[in-house]
Each structure stands twice: as C-alpha cells, then as structure tokens.
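Notes to accompany the following structure.
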Amino acid sequence: MNDTTNNPREHLAAPIRKIGAIAWLRENLFNTWYNSVLTILTLAVLWMIVPPLFSWAFINSLWDSSAEACRDIDGACWSIIPRNVKFIFLGFYPTGQEWRPILAMLLLLGLVFYSKERKRWKKALGWYWSIGLIVMGTLMYGGIFGMPIVEPAQWSGLPLTLMLSFFGIVAAYPLGVLLALGRRSRLPAIKTLCVVYIEMIRGVPLISLLFMSSVMFPLFLPEGVTIDKVLRAQAAIIFFTAAYIAEVVRGGLQAMPRGQYEAADSLGLNYRQTMRLVILPQALKIVIPPSVGILLSAFKDTSLVVIIALYDILKTTKVTLSNPKWTGYSTEAYVFLAVLYFIFCYGMSSYSRRLEKELHTGR
C-alpha cells in the first residue's frame, strides 16, 4: 500500500469552524458576496460617522461650564443641561417649594415599580394607588400642612409630562375596554353611541381635541364656572387614547373562538362573569403588543400640549433655548430630551415583553 492508504488523515480537509466570533461573522455578515459588500459599505459609513460624533459628544465637549466658555469649543456644550436643570425639570414651580414636585414624581415612579410584579395585582394595590394619587395631588397643589397653594397653571416640566402621560394611560385603558365591549353590544343604542364616538375621535388629530378643550369647551360652561386648562388637556388625551385602545381590544375580542363563549354559557355564567373571567383575560393578553404601541404613542403625544401653552418638559426646554446665553445649543438640549423620552419608552416596552413572556402570549 502507498502512503495515502496507510495514513489517510494527512489528506483530510480542515473542519469548518461552526462556533465562535469568526463563524458568526461568516454566517451572518459574509455568507454571500452581496452581504459582504453591504457589510463593508456599512462599516465604512460607520467609520465616517461614529468617530466624529464621539469626538463631538465626549472628547471636545464641556459638561459644566458657562455659556461663554462653550463659544470657543468644537464639541457639544452639555452645560446647558446642568446649568438649567431646575427650570427644565420643574419649570415655573415656585422657588423654595421644589421638593414637593420632586417628592410627587418619586412617589409616582415608586408606585409604578411596585406595580410591576403580577403577584401584587390585588385589591390592595388599588388602595395604594388611590392614596398615592391623593398624596401626589396634595403635594402639587398644597393648601394644607402649611404648604402654600400652587395653581395647576404653574405645574410644568417633567411633573406635568408624567402626570398627563401616566394618568392618561391609566384612565384611557379601562375606558377603551368599555368602548370595545359597547361596540360589540347587542343593544343598538349602546353600539351606535360607541361606534360614533370611536370613529369621530379617530377621525380627528389630537391637536384639534387639545384646541377644543382649551378654546371651545369653556364656551359651553355656565357663566362663572371654569375648569383648569391642565384638567381639560388631560381629558382630551384620555378620550383620544381610549378610542384607539377600543379598536385594539375589539380585535382581541373578535379573535376569541366561539367555543369560549359556549363554554362560559355551559357553566351558567352571565355576561359580566363571562367577560371578566373568561373572555377579557384572554383577549387582553393577545393585544398586549399593539396596546403598548398605542400607549407609547400616547406618552410621546403629551408633548403636543405645548400648542395650548402648557409648559411640559419640551416647552420648558424651548424656553431655556430662548435665553440669548444658550441660543445655538438646541442640538444638545433636544438630544437630552430624546434620551429622556427613550428611557421611559424603553422601560414600558421592556416591561411589556416581560409581561408577554410571563403570560405565555402566543403559545
């Protein structure tokens, strides 16, 4: 026999690497010639964009200096944030009383974090939220325990944004569920009212509802009766978001098999028990992804209240930029706002994915 027959291992090709970073790159980025070209072009574009951006944002930037010092640099002037942080976050809330909105925001965020765990979704949680809302309202408005009264017109900055968004979301969801049930009702009057409401609200932009709540609604009130602008804007956001939630929930109700209703009937459950115990738990679980999408849009749409002269965090930032000292640093200010909105939106999105996994949605 020749050497090839006696020692075949010497002529075997090297095994192809199936694991590790090189294998991942070969399989995902360089598996075909056009994917390789796209990968190289993408890396070239990132090389042209990322280093200058990193240099502007971090290397050549100033983080806590005067506005005059920022005029002589080529990087970002992040000093606009720490030098104006009080006004950006709290707006026109009276000086010396800033601890009240800060404490109210911490209480709100604490309740949100406490409510994340499904094992805490009991009747006691409703009491906690009720007491928390009363305490937050008392802190913001004052009038007791020696706290001076602060009118809602002075509520501004991040507390106003969180109030409009979180309270709007919490109130809009149950209203949307009721509208969805009403639209599927067998009673013609209820069904017609719900259809008219949903289609009318969805047929107009949120800006028009905010204008109506700010300008037109007071015209229909009796003489001498006024409702605060913040409450009117809150109501507009709730009614607008509820109409979209209603259609999402209606889709979940329509996805329920007929057998679920028949099974509830066989157990002798009435309509209320069927919806509460059988249908809604399954339907609401199905529509978690689109519901979260609407709630995220509602959170970001609260920035539209600037058009009716409510000073949310976007408006307080714009007022800061109107100061001649800080004119020209809008990029840094809006990047900061974008990061802030992203943190809240990403938190809600992450929680929704966790909730879907816990409820085994789609299995």
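Has region 202-225 got any residue that is closer than 17 Å to LEU295 by Cβ and in a helix (DSSP H, G or I)? If you could, list the steps in order and put the result at the bottom.
We begin by selecting, within region 202-225, every residue closer than 17 Å to LEU295 by Cβ; these are 202, 206.
From what is left, the residues that are in a helix (DSSP H, G or I) are 202, 206.
There is at least one residue in region 202-225 that is closer than 17 Å to LEU295 by Cβ and in a helix (DSSP H, G or I).
Quickly run through region 22-75 and pick out the residues that are within 20 Å of ALA333 (Cβ to Cβ), of a type in the set (A, V, I, L, M, F, W, C), surrounded by 13 or more Cβ atoms within 10 Å (Cβ to Cβ) and in contact with a helix residue (DSSP H, G or I) (Cβ under 9 Å, 6 or more places away or on another chain).
ALA57, LEU62, ALA67, CYS70
Sort out which residues of region 213-254 are surrounded by 12 or more Cβ atoms within 10 Å (Cβ to Cβ) and either over 30 Å from VAL150 (Cβ atoms) or not assigned by TED's automatic domain parsing to the domain that holds SER303 (or both), and write them in order of number. Explain how you work it out, then say what you get.
Step one: of region 213-254, the residues surrounded by 12 or more Cβ atoms within 10 Å (Cβ to Cβ) are 213-214, 217-218, 227-230, 232-253.
If the condition is that a residue be surrounded by 12 or more Cβ atoms within 10 Å (Cβ to Cβ) and either over 30 Å from VAL150 (Cβ atoms) or not assigned by TED's automatic domain parsing to the domain that holds SER303 (or both), then ALA243, TYR244, ILE245, ALA246, GLU247, VAL248, VAL249, ARG250, GLY251, GLY252, LEU253 are the ones that fit.
Give PRO174, PRO257, PRO188, PRO205 a once-over and let me know the one that is exposed (fewer than 15 other Cβ atoms within 10 Å of the Cβ), closer than 30 Å to ALA104 by Cα and out of contact with any helix residue (DSSP H, G or I) (no Cβ under 8 Å at 6 or more places or on another chain).
None of the other options fit; the residue is PRO174.
For region 111-170, give me each residue that is over 20 Å from TYR341 (Cα atoms), of a type in the set (Val, Ile, Thr) and not in a loop (DSSP other than H, G, I, E, B).
ILE131, ILE134, VAL135, THR138
Evaluate region 113-133: report whether one residue or more is within 23 Å of ASP301 (Cα to Cα), modelled with pLDDT under 90 and in contact with a Leu (Cβ under 7 Å, 6 or more places away or on another chain).
The answer is no; no qualifying residue exists.
Could you grab me the full set of residues in region 66-76 that are part of a loop (DSSP other than H, G, I, E, B) and out of contact with any strand residue (DSSP E or B) (no Cβ under 8 Å at 6 or more places or on another chain)?
Those that are part of a loop (DSSP other than H, G, I, E, B) and out of contact with any strand residue (DSSP E or B) (no Cβ under 8 Å at 6 or more places or on another chain): SER66, ARG71, ASP72, ASP74.
Quick check on this structure: which one of ALA333, ALA309, ALA338 is closer than 30 Å to GLU151 by Cα, modelled with pLDDT of 90 or more and surrounded by fewer than 16 Cβ atoms within 10 Å (Cβ to Cβ)?
ALA338
The values are calculated or read from the model by the stated rules, or taken from the named source; none is laboratory data. Fair warning: this is a prediction, and the values are worked out from it, not measured in the lab. Here Cβ is always computed from backbone atoms with ideal geometry, including for glycine, and neighbour counts include all displayed protein chains.
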